[in-house]
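Chemist: Pasting a structure here, questions to come.
Read the figures in this text as sums done on the coordinates, not as results from a lab. This one's a predicted model, so the numbers in the text were calculated from it and none came from an experiment.
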Amino acid sequence: MEAHSSYRGSDWSPERLMFHQNLESFADQVGLIVGLQANGKMTQDEAYAKIKKIWKGLKFTRSSLFDESTD
């Protein structure tokens, strides 16, 4: 499931490209988790915990790629 779209922003940089790919990966993972929960393969609490964990990972990636004073 690595079919990422290309980054089309006018403010292209390697960091923004990497974050774009990480954001797409996050969205794919959330979609899978929601599907598993909707089909009874995991509870809402489990789904919430998994989404929260990958959200924290995405936030960490963003903070490590970008200087907060420039955003």
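Chemist: For the range 18-69, which residues satisfy the criterion of being of a type in the set (V, I, T) and in a loop (DSSP other than H, G, I, E, B)?
Modeler: T43
Chemist: Could you tell me which numbered condition S10 fails, if it satisfies all but one of (1) over 26 Å from L65 (Cα atoms); (2) small (G, A, S); (3) in a loop (DSSP other than H, G, I, E, B)?
Modeler: S10 satisfies every listed condition except (1).
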